[in-house]
Structures are given as structure tokens and as C-alpha cells.
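Here's the structure, in C-alpha cells; my notes come after.
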Amino acid sequence: MRFFIKKAVSFHFSLYLCRRYSEEMKLLYYFIYSVLYLLSLLPMRVHYCISDGLYLLIYYVVGYRRKVVRSNLTSSFPEKSAEEIRQIERGFYHWFCDYLVESVKMLSISEANIRRRMVFKNIELMNECLEKGQSCVFYVGHYGSWEWIASWTLWLSPKAVVAQIYHPIENKAFDRLFLDVRQRFGSVSIPMQETLRKMLEYRNAGKATVVGFVADQKPMWVNIHHWVDFLNHDTPVLTGTERIAKKLGTAVFYGDMRRIRRGYYETTVQLMTDNPKSVPDYGITDIYYRLLETTIRREPAMWLWSHNRWSRTREEFDARFEVIDGKVIAKKDS
């Protein structure tokens with residue numbers, strides 16, 4: 001009897017802690033949302049004044065990840081001089097601070113304003129596929145104002161389900177906040193681990209989908225199945241987007257983003273293939289990384305250089321893992 005009493009007390013105490021944590025997360029969310037929403041109401045010129053101040057703080061005072069950024073730039077562009085690298089580095093931090101304030105602005109920016117500031121060219125190619133009932137996947141990278149990509153619902157057929165894949169944030173308050181930003185104009189956010197299941201659900205319900213993938217992320221060791229030559233590095237890459245496209249027979253597009261001027265972007269939609277099953281394995285992934293590298297080299301400051309993208313090497317992978325029947329397995333002696 002004492003054992004069951006202890007278990008009951010332990011259960012109720014755990015339940016109390018969960019409820020308390022949930023309440024605290026709600027309060028944190030409402031506080032953060034309120035502050036950022038009020039900030040978002042400021043005119044864009046004020047946001048960019050804030051961005052300029054943040055740049056001085058982050059770059060010169062805090063030195064946020066400067067070693068990582070400098071190392072990534074130097075190894076990616078060995079042909080550039082030290083002064084050219086520093087110029088790109090400073091440009092990166094200026095852009096990164098702009099990205100932060102532009103993401104905040106998404107909380108209140110009007111449809112008319114975001115349509116002027118994020119223009120999609122050739123998006124009728126997607127709409128033509130949707131009219132035929134063919135779903136689409138859309139490759140983008142951590143480049144430019146990628147949070148503003150979520151405004152593409154304003155340009156796409158209202159018949160389609162428009163979604164983006166995201167990685168849930170451990171902090172529930174911030175996770176909910178980012179979902180608010182990304183779903184502001186009617187898109188759906190699908191957790192990464194549920195991607196295929198949700199897309200199959202939509203297909204089985206007879207709904208065409210357009211799903212965006214920010215696909216230049218660093219894969220976990222067990223998800224490394226392919227390597228590409230990307231920005232002068234032997235780079236492990238995620239291949240899940242390609243596998244999903246092949247399984248579902250979706251059209252595959254790439255978004256080539258460029259900044260026209262501060263606060264104004266243009267994303268050109270490029271068809272990679274409308275028949276993914278005809279492309280050799282990993283061919284779509286290879287095309288994506290070639291297109292992304294072209295985008296980055298055109299204006300390198302606007303890619304996320306603070307991400308430690310190349311911390312996993314092929315040498316370490318070969319030493320620690322082996323591939324058996326298509327699955328990455330840790331070696332027993334590693």
C-alpha cells in the first residue's frame with residue numbers, strides 16, 4: 001500500500017509541475033509576443049535604425065560567433081583576400097541584424113506591404129502544376145529574408161494547402177512565437193518528423209500541396225546518406241526532400257532570392273523537375289546545392305555563415321559509422 005501511495009503522490013506532483021511549467025510558458029509567450037508585437041508596429045525605417053544599433057553591438061561589442069563566421073568565409077572563398085573576407089563578414093552582420101528586425105515586422109506587416117517587399121517571379125509555374133492537381137515542393141536556403149517566404153500564400157492558388165517544414169524549438173514559448181510568424185498569412189507549419197505523413201494525408205484527401213523546405217541544414221550523423229561539393233567543402237546533406245518528392249511525384253522548384261534594396265526582396269521560382277522519379281538518386285539534391293551556391297556567390301553576405309555547417313567530416317563519418325542496407329549504423333568499436 002505504501003508503494004502505491006508513493007507512486008500516486010509522485011504522479012500528482014509531476015502533473016502539478018507540468019501544469020506549472022505550462023502556465024509559465026504561456027505567461028512567457030504572452031509577454032514576449034506583446035513586446036515584439038508593439039515593436040513590429042514601428043515603421044520600417046525605425047526598424048533599420050534598430051538594426052544598425054544591433055550591428056554595432058553584435059559585431060563590435062559581443063563579437064557573436066565571429067570566429068565561426070570568419071572560418072567559414074575563409075574556407076569557402078580561398079580566392080578572396082583578407083580585406084574582401086572582412087567586407088563580406090561585415091556585410092553578413094549587417095544583413096543578419098536586418099533579418100532579425102524583418103522577422104519581428106512579420107507580426108504585424110500588412111498584406112499589401114509584404115507583397116511590395118517580397119515579390120515572387122514565375123510563381124505561375126507552381127500555380128499551373130496545382131491547377132493540374134500536382135503538388136509541389138519548394139527548396140530554399142537560409143538566405144535573405146527567408147521568414148518572409150511565408151508570405152507566398154498571397155501569390156499561390158487558394159485551392160492549395162501551403163505549408164512549410166520546421167524544426168520545433170524546445171522552448172514552447174519561442175516555438176509558438178515562431179509559428180505565429182510563419183503562419184501569419186495562412187500557411188501551415190509541419191514538424192519535420194511528420195512531413196511525409198502529413199503530405200500523404202493531404203494527398204489522400206484530394207488536396208494539392210505546396211511545401212517549402214529550408215534544406216541546407218546540417219544533418220545528424222545517422223541521416224547522412226550523401227555528400228556534395230558545396231562552397232569548397234565536402235558537405236554532408238539532407239536528402240529527405242528529394243525522397244519525398246520522388247515518393248509523391250511532386251514538381252520540384254527552387255527559390256532564387258535576391259535583395260533589390262534594403263527591405264525589398266525578389267524570389268524567382270525555378271522549376272527543377274516536374275518528374276522527380278526520372279532523376280537519378282541524389283540528382284535533385286545535387287541540383288539544389290548547385291543553385292544555392294550560385295545564389296550565395298552572387299551576394300555572399302546574405303547566407304547564414306554563423307551556422308557551424310561543416311563540423312561533420314567524411315573522415316569522422318567513415319571512422320565512426322557504416323552503411324548497412326541503406327541505414328547508417330554506428331561501428332561497435334567507435
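The values are calculated or read from the model by the stated rules, or taken from the named source; none is laboratory data. Being a predicted model, the structure only gives us computed values, none of them experimental. No Cβ is skipped: glycine too gets one built from the backbone with ideal geometry, and neighbour counts run over all protein chains shown.
Cβ-Cβ below 8 Å, separation at least six or inter-chain, first residue in region 34-55 and among the β-branched types (Val, Ile, Thr), second buried (at least 17 other Cβ atoms within 10 Å of the Cβ) and part of a helix (DSSP H, G or I): which pairs?
Correct list of pairs: 50/101.
Does any residue in region 124-138 that is not assigned by TED's automatic domain parsing to the domain that holds residue 155 and hydrophobic (A, V, I, L, M, F, W, C) come within less than 8 Å, Cβ to Cβ, of a residue that is assigned to a helix (DSSP H, G or I) and surrounded by fewer than 16 Cβ atoms within 10 Å (Cβ to Cβ) six or more places away or on a different chain, and which pairs are these?
Partner pairs satisfying both residue conditions: none exist.
Considering only region 307-316, I want to know if a residue exists there that is more than 25 Å from the chain's Cα centre (by Cα) and not in a helix (DSSP H, G or I). Before the answer, list the steps.
Keep residues of region 307-316 that are more than 25 Å from the chain's Cα centre (by Cα), which gives 315-316.
Pick out the ones that are also not in a helix (DSSP H, G or I) and you get none.
No, that holds for no residue.
Where residues in region 258-293 are out of contact with any helix residue (DSSP H, G or I) (no Cβ under 7 Å at 6 or more places or on another chain) and aliphatic (A, V, I, L, M), which of them is surrounded by the fewest Cβ atoms within 10 Å (Cβ to Cβ)?
260
Read through the list (1) surrounded by 15 or more Cβ atoms within 10 Å (Cβ to Cβ); (2) over 23 Å from residue 304 (Cβ atoms); (3) not aromatic (Phe, Trp, Tyr), then give the number of the only condition that residue 239 fails.
The single condition residue 239 does not satisfy is (2).
For residue 179, indicate whether it is within 25 Å of residue 308 (Cα to Cα) and without any contact (Cβ under 8 Å) to a residue 24 or more places away in the chain.
It is true that residue 179 is within 25 Å of residue 308 (Cα to Cα) and without any contact (Cβ under 8 Å) to a residue 24 or more places away in the chain.
Residue 244: under 20 Å from the mean Cα position of the chain (by Cα), surrounded by 14 or more Cβ atoms within 10 Å (Cβ to Cβ) and not in a helix (DSSP H, G or I), yes or no?
no
Can you give me the ranges of the strands (runs of 3 or more DSSP E) entirely in region 59-169 with at least 3 residues that are closer than 29 Å to residue 194 by Cα and at pLDDT below 95?
Fully inside region 59-169 and qualifying: 161-166.
Name the residue that is nearest to residue 110 (Cα to Cα), counting only residues in region 168-203 that are crowded, with 17+ Cβ neighbours inside 10 Å and small (Gly, Ala, Ser).
187
Considering each residue of region 284-306, count those that are of a type in the set (Gly, Ala, Ser) and without any contact (Cβ under 8 Å) to a residue 24 or more places away in the chain, and give that number.
Number satisfying all stated conditions: 0.
Could you check region 25-83 and list, in sequence order, the residues that are β-branched (Val, Ile, Thr) and in contact with a helix residue (DSSP H, G or I) (Cβ under 8 Å, 6 or more places away or on another chain)?
If the condition is that a residue be β-branched (Val, Ile, Thr) and in contact with a helix residue (DSSP H, G or I) (Cβ under 8 Å, 6 or more places away or on another chain), then 32, 50, 58, 69, 74 are the ones that fit.
Could you check region 191-230 and list, in sequence order, the residues that are assigned to a helix (DSSP H, G or I) and either in contact with a His (Cβ under 8 Å, 6 or more places away or on another chain) or not assigned by TED's automatic domain parsing to the domain that holds residue 130 (or both)?
192
Can you name every residue in region 199-232 that is closer than 24 Å to residue 326 by Cα and over 16 Å from the mean Cα position of the chain (by Cα)?
If the condition is that a residue be closer than 24 Å to residue 326 by Cα and over 16 Å from the mean Cα position of the chain (by Cα), then 199, 200, 221, 222, 223, 224, 225, 226, 227, 228, 229, 230 are the ones that fit.
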